[in-house]
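Undergrad: Here you go, one structure.
Rule-based calculations on the coordinates, nothing more; no lab input. What you see is a predicted model, and the numbers here were worked out from it, not measured in a lab. We place every Cβ from the backbone using ideal geometry, glycine too, and count neighbours over all the protein chains shown.
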Amino acid sequence: MIRYISRRFANSLFLLVVVSAIVFGLAQAAPGDFFSDATINQRISAETVAALRARYGMEKSLPVRYWGWLRSLGTGELGYSFAYDLPVGKILWPRMGHTLLLTVPALLLSWLVAVPLGILVATRRGSLVDRIFSVGTSAMLALPDLLIALLILLFALRTRMFPVGGMNSVVIPPGWWSGWKDTAWHMFLPVLAIAFGALPMILRHTRASMMEVLDSPYVRAARGLGLSRFVTLYRHALPAAANPLISLLGISVGGLLSVSLLVEVIVSWPGIGPLVLEAVLGRDLFLVMGAVMFFSVFLIAGGLLADILLYLLDPRIRMQS
Amino acid sequence: MEPLLEISGLTVDYTTAGGSTVCALSDVSLQVFAHEIIGVLGESGSGKTTMGLSALRLLPANAAIRSGRIRLRGRNLLDLREKDLAKVRGAEISHIFQEPAQALNPVLSAGRQISYVLRAHKKLSNRELIAEVHAMLALVGFNDPERIARAYPHQLSGGQRQRVAIAQALACRPAVLIADEPLSSLDAATQAETLALLQRLRSEIGLAILFISHDADTLAAFASRTVVMEKGTVVAGGSIQELRSNSSGYVRALISPGASLKAPTPAEEAAGTPLLSVRNLTKRYVQRQVLSRRAFIVEALSGVSLELNRGATVALIGKSGAGKSTLARCIAGFETPDAGEMLLDGFPLRNLKRQMRWQVQMIFQDAAGSLNPRFTAERLITEPLDILGRGTKAERRRRALNLLEEVGLDLKFADRLPAELSGGQRQRIAIARALAVDPKLLILDEAFSGLDRPRQARIGALLQTLQQRHGFACLHISHDVGFASLLASEILVMGDGRIAAKFSSEEIRNSRDTTALMSMAVDPGSSRPEVEAAP
Amino acid sequence: MKSRVWRSFSLWYLIGVHLIAIFAGFVAPYDFARQERTRPFAGPTRVHFVDSSGKFHLRPFVYGIEKSEDLGSGYTEDRSIFYPIQFLVSGDEYAVGPFHCSLHLFGIEGPERFYLLGADGFGRDQFSRMLYGGRISLFAGLLAAALAGCLGLLIGGMAGYYGGALDDLTMRFAEVFIAVPWFYLLVAVRAVLPLHLDPSASFSLVVITVGFVAWARPAKLVRGVILSAKERSFVLASRGFGASTFHILQRHIAPAASGVLLTQITLLVPQFVLTEVALSFLGLGVAEPVPSWGNMLAAAQHYNVLVSYWWMLIPGLVPIPTFIAYHALSDNLHARLDC
């Protein structure tokens, strides 16, 4: 157990180092930097620019800068934002909380809806329900996330049932509870949009994986020994079908984050999405790099968690290691 | 006396993907009395399995019972609702399937799977449940039921899995057990053990067994009565002794499949150099783990020597993991041995050029896997000729069609894909393909193990004819002593990576108990990790 | 079970859609950049068969439009002017390869503009822009998927065939690209490159970055196919006859790998079309005035536009049937692989 986990952990660490090298290399390959525009500007002297560059250590050699950046990753500072004149970490952390406020409920919602629904459809193979579902999921799969987000915004604007824009109203009644309620109210539609975007993929995989297991000889054997439908389905089939779903969990988080970026921009949610967009347009590279690193850590940690879950749930994997 | 299980007038249809219906069973009737073992004998595709499944109403969704009755203790199972049926299944009538590895859920421990069955039919406290699971595992002959209960299927051997499956099936002491080819995926020694266990259980818990098999020898020793099935109907019935005098060619081919084979000619006196001589062949596999310095060394071959004469047939017998397949792959050139010598016609095989490898050909166990699924039969057979650049296109085609005829296939098979052929037909194509290059030595790596007895016999006879005509030598690799002795003049028993014993085919056929002979040669105490494929 | 007709339908539909996108200049009545400042957000022009006097016309026609008197309600039809819809009319010039052409499939003659799917804020024809935008978005997706597939074939093929350390290294690398949140990586790659580029440069930039970021999954697939094919007994049998490496690759491995790869590519195309749409939406892809479905949708994120002018959402709806067709095609290819 400990050996398996430490091996997976070492692997994740290796992944992170390679990702950081790629991201850093990419940023170094960029033509010009944050201060390039300043050199064109007549009113800023070349000395000032040079002094600024020196202040941020941009004159040092490549390995030194990489090492410095890695160290700042370790401390959670994630480099330095020129535009904000603050460590990236200071800007990212609160924004990250806002993004997680959308993605985590969306993740839970999509899985909690998709898995039981997928199982239900798998047991009714070939029926009308199944056919409606396969048409429905392929239509949902074809629906652009951008359109979903815009339609939800349109819905909110038309019906005025939900607040639009940001994560809080301008005036909030006093008391922590009403503040929470206000945020929850603002969260509702964006979470729905993100969850809806992730849903069809999970549904399809659950259905396919369950169907395969339900076709297997051991499930037939279980039925032939008089096990009830419930026990056959949830005690025999589901644990056996869980393996590919856990792997999907890791992948689905990545998809969720990219949908979240679009949704955040559209409903002007103060998460990482709008921040990164602004940083890209302002060539604030360390901020962009910091965000990519941040999400990479997030995803790799998710992958590690999935690996550990698989180890605990699947005796076949336990055997291999 | 009233029969325990009575099947009468059963007719079952399958709907194929194309929408047409195929009749799988028509008007089948059968009676099973208490404490009785009834054998069901038939070729694959004769409807045996469909009958077994319909007795439990476990047919797949595309099958439909058209007419008939299945009465268990006088109650028609076909009239029961799904919920009442669940009460009968496992409690009164139970089953074990051919492939124990697939009949057990890979992610649940053995004990848990048995406990689910117990819980489905009995109200037991947790402690009683555990005690009952252990008792059941002890009943099927495990000395350490606690350990087995905790084990997962992949941690058990094939024989152990089948015993767990039996324990699961009999947990609630049903009156009838339907056993669908429960032995065919097990090796000879395990087959004997499992058979003995079923015999014992029959007398201990008073069980009636419907034993489905294609092997008449097993049924002769085991079943009191046997029905013979052909194309979905029952064509004969009675004890195996009575069936021996049946005049039908089909029944006779099933009862004594070896009869169509010529007795192997005893090995001729070695004239000149032998065709193949292998000396002191050694092969090790080293398994390394990524972050560990420990290396796991498995010695698959440790000093194997053998000789094979021109046109002779030799069988190589052994348990799985004995190194048979490794030896075959070394001779065929798919593996490089670590040490030792292999001479073909006095020329070292190791130095054989790629273009000369055709001299040794191999027929694989999985006929389906050895044929490219995208190629038609004709293209499959011409492929080796294309590779070697022999003849013109028209000549290759003619040769392919000749070979098709030689292996007993109609010319209409020329444009079929492997998926459209039966297992036996595929193996015939594989043989035709190997013979296209006129090899000197043909290695058959468990080439018959996927086929039923009559088909094995037919292809065996075909090989004998072809061998006489073309004069190649044959090396049979098998775990089935009985059948190998019908084809080979000499039988080598392999164990632990070396040749452990050598018998002539007469010795084998004259001895009553082949399993004893086997275990004499192979030390059963030594078990090693199964490494047959490349690491 | 889908019928045969439906199967081939998805393929023909896709061919049709892509042909229309290629010949957008001919099918679209106007140039994508042609503005009409007096007609911002004009709604879809109604096509009539029956005129105000109740007379039926075989040739469909439209009325002229004018800004309505009362504020907010937009435009009204001016029943006094009458423009029949003509086929094969000459209009804005467009390029077909090296040639310039001004023949359009349909349009009206006269000073009035004809908006089949409404107009945007500059009075540009949404229908024409949608066709031109499809050219950008669809082909960006298609080319990016093809690029990712080619890279996957190359890298995965080498990893699977040679195995050993090369295999180890490339697969570790692939794992990195799968572990990274790829849309953010894409944004990061875009961030380091100059922001303002001419349309053809930003188009190729999108194609190249998406293709290079997404090679990992196809590479893993191809490698898997080759690894399993290498161990299949039919490949062993072929080797037993003395087949060369080239023969085995050409006859046995390539057909198997290409099938899997093609299925994967058809699955990737919709994903990458969406990627282009999202990037352009965010202002990181193809820039105005050249239309892409993404930058057309960007106009719809303003609240008043979204609420008042529904036709601005159309660029988000057009891809749906195309994506469904791509998914159906992928399913068909997959089914054919299995049997």
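Undergrad: Might you report the magnitude of the Cβ-based charge dipole of region A:170-279 about its Cα centre, with Lys and Arg at +1 and Asp and Glu at -1, to the nearest 20 debye?
TA: Using Cβ point charges on Lys, Arg, Asp and Glu, region A:170-279 gives about 660 debye.
Undergrad: Let me ask you something else. Taking amide hydrogens as modeled 1.01 Å from N in the peptide plane, which residues meet the under 5 Å criterion relative to C:I81, leaving out close sequence neighbours?
TA: Counting only residues 5 or more places away or on other chains, the set is C:G64.
Undergrad: If amide H atoms are built 1.01 Å from N in the plane of the peptide, which residues on other chains or at least 5 residues away come under 5 Å of the amide H of C:F122?
TA: C:F41
Undergrad: Here is a follow-up. Taking beta carbons within 10 Å but only from partner chains, what does the mean come to for residues B:99-109?
TA: Per residue, the number of nearby Cβ atoms from other chains is 6 on average.
Undergrad: Same structure again: Could you run the Debye sum over the Cα atoms of region B:79-236, one equal point scatterer each and no solvent, and tell me log10 of I(q)/I(0) at q = 0.10, 0.11, 0.16 Å⁻¹, two decimals?
TA: Here log10 of I(q) over I(0) equals -0.37, -0.44, -0.92.
Undergrad: Quick one: compute the contact order of chain A, relative version, from alpha carbon pairs under 8 angstrom and 6+ residues apart, as a percent. Walk me through the numbers before you get to the answer.
TA: On the way: 307 pairs, mean separation 86.4, N = 321.
Computed value for chain A: 27 percent relative contact order.
Undergrad: Points 7 angstrom from Cα along the Cβ direction at B:F347 and A:A10: gap in nanometres?
TA: That separation, rounded to one decimal, is 4.9 nm.
Undergrad: List the pairs from B:K324/B:K502; B:K324/B:K440; B:K231/B:K262; B:K283/B:K502; B:K262/B:K319 whose alpha-carbon separation is above 24 Å, in the order I gave them.
TA: Result: B:K231/B:K262; B:K262/B:K319 exceed 24 Å.
Undergrad: Can you give me the long-range amide H partners of C:G285? Hydrogens built in the peptide plane at 1.01 Å from N, cutoff under 5 Å, separation of 5 or more residues or another chain.
TA: C:S280
Undergrad: Moving on. C:E36 to C:S8: FRET efficiency via 1/(1 + (r/R0)^6), r the Cβ-Cβ distance, R0 41 Å, to the nearest 0.05? Mind dumping the intermediate values first?
TA: Details: r = 42 Å, r/R0 = 1.01.
Plugging the Cβ-Cβ distance into 1/(1 + (r/R0)^6) gives 0.50.
Undergrad: Explain nothing, just compute: Karplus ³J(HN,Hα) = 6.51 cos²θ - 1.76 cosθ + 1.60, θ = phi - 60°, for every residue of region A:175-187 in order, whole Hz, x for Gly and Pro.
TA: Using θ = phi - 60°, the values come out as x, 5, 5, 5, x, 4, 4, 4, 5, 4, 4, 5, 5 Hz.
Undergrad: Next question. Dividing the convex hull volume of the alpha carbon atoms of region A:188-321 by its residue count, what do you get in Å³ per residue?
TA: Convex hull of Cα atoms, per residue: 126 Å³.
Undergrad: Using a simple charge model, +1 on the beta-carbon of Lys and Arg, -1 on the beta-carbon of Asp and Glu, nothing else, what dipole does chain A show about its Cα centre, in debye to the nearest 20?
TA: Roughly 1080 debye for chain A.
Undergrad: Right, something else. Taking the Cα centre of the protein assembly as shown as origin, sum charge times position over the Cβ atoms of Lys and Arg (+1) and Asp and Glu (-1), and report the length of that vector in debye to the nearest 20. Walk me through the numbers before you get to the answer.
TA: Numbers: 116 positive and 94 negative charges, 288 e Å.
About 1380 debye.
Undergrad: Give me a single rounded figure for B:86-95: the average over its residues of other chain Cβ atoms within 10 Å of their Cβ. Intermediate values should be presented prior to the final figure.
TA: Details: counts 9, 2, 1, 6, 7, 2, 1, 3, 4, 4.
The per-residue average across the peptide is 4.
Undergrad: Right, next: Between A:S12, A:S260, A:S45, where does the largest GNM mean-square fluctuation fall for chain A, given springs only between Cα atoms within less than 10 Å?
TA: Looking only at A:S12, A:S260, A:S45, the biggest GNM fluctuation is shown by A:S45.
Undergrad: Moving on to the next point. In degrees, nearest 10, range 0 to 90: what is the angle between the Cα axis of helix A:145-159 and the longest Cα principal axis of chain A?
TA: With rounding to tens, the tilt is 90 degrees.
Undergrad: Rounded to the nearest 10 degrees, what's the angle between the helix B:158-170 long axis and the longest principal axis of chain B, both from Cα atoms, 0 to 90?
TA: 10 degrees
Undergrad: Quick check: the distance between the Cα centres of region B:416-483 and region B:22-101, to the nearest angstrom?
TA: Result: 34 Å between the Cα centres.
Undergrad: Length gain on complete extension for the stretch B:E2 to B:S67, per 0.36 nm per residue less the alpha carbon to alpha carbon distance?
TA: On the way: separation 65, 0.36 × 65 = 23.40 nm, distance 2.19 nm.
Length difference between fully extended and current span is 21.2 nm.
Undergrad: Got a sec? Charge dipole of chain A, +1 on Cβ for Lys and Arg, -1 for Asp and Glu; which of A:P63, A:I317, A:V104 is way out at the positive end?
TA: A:I317
Undergrad: Calculate the radius of gyration of the Cα atoms of the protein assembly as shown to one decimal place, then report Dmax, the largest Cα-Cα distance, as a whole number, both in Å.
TA: Answer for the protein assembly as shown, Rg first and Dmax second: 36.4, 116 Å.
Undergrad: For chain C, list the DSSP H helices whose alpha carbon atoms reach 27 Å or more along the long axis and whose average Kyte-Doolittle value is -0.5 or above?
TA: Counting only whole DSSP H runs, the qualifying helices are C:4-22, C:126-162, C:254-281, C:319-338.
Undergrad: Follow-up question, since we're still on this one. I'd like the Karplus ³J(HN,Hα) series for region A:262-276: coefficients 6.51, -1.76, 1.60, θ = phi - 60°, whole numbers in Hz, and an x wherever there's a Gly or Pro.
TA: Working through the residues one at a time gives 5, 4, 4, 5, 5, 9, 6, 7, x, x, 5, x, x, 4, 5 Hz.
Undergrad: Now a separate question. Using Cβ counts within 10 Å as a stand-in for footprinting exposure, how do B:V164, A:V121 rank, fewest first?
TA: A:V121, B:V164
Undergrad: Another one. Could you work out which residue, out of C:W293, C:W311, C:W182, moves most in a Gaussian network model of chain C, that is, has the largest mean-square fluctuation with Cα springs under 10 Å?
TA: Most flexible of the set in this elastic network: C:W182.
Undergrad: Which of the lysines could a cross-linker span from B:K123 if the Cα-Cα distance has to be under 21 Å and same-chain partners fewer than 8 positions apart are dropped?
TA: List returned: B:K83, B:K87.
Undergrad: Among C:F281, B:V12, B:I114, pick out the residue whose Cα is farthest towards the positive end of the charge dipole of the protein assembly as shown, where Lys and Arg carry +1 and Asp and Glu carry -1 on C-beta, about the Cα centre.
TA: Of the candidates, B:I114 comes out farthest on the positive side.
Undergrad: Another question about this same structure. Using the Cα centre of chain C as origin and beta-carbon charges of +1 (Lys, Arg) and -1 (Asp, Glu), tell me which of C:G316, C:Q301, C:V225 is placed farthest towards the positive end of the dipole.
TA: C:V225
Undergrad: To the nearest 10 degrees, how steeply does helix B:453-470 sit against the main Cα axis of chain B, on a 0 to 90 scale?
TA: Roughly 10 degrees, rounded to the nearest 10.
Undergrad: Using the Karplus curve 6.51 cos²θ - 1.76 cosθ + 1.60 with θ = phi - 60°, work out ³J(HN,Hα) for each residue of region B:18-31 in order, rounded to whole Hz, and write x for Gly and Pro.
TA: Using θ = phi - 60°, the values come out as x, x, 7, 9, 10, 7, 9, 9, 9, 6, 8, 10, 6, 10 Hz.
Undergrad: Can you tell me which of A:Y218, A:Y80, A:Y66 moves the most in a GNM of chain A? Springs connect C-alpha atoms under 10 Å apart.
TA: So, out of A:Y218, A:Y80, A:Y66, the one fluctuating most is A:Y218.
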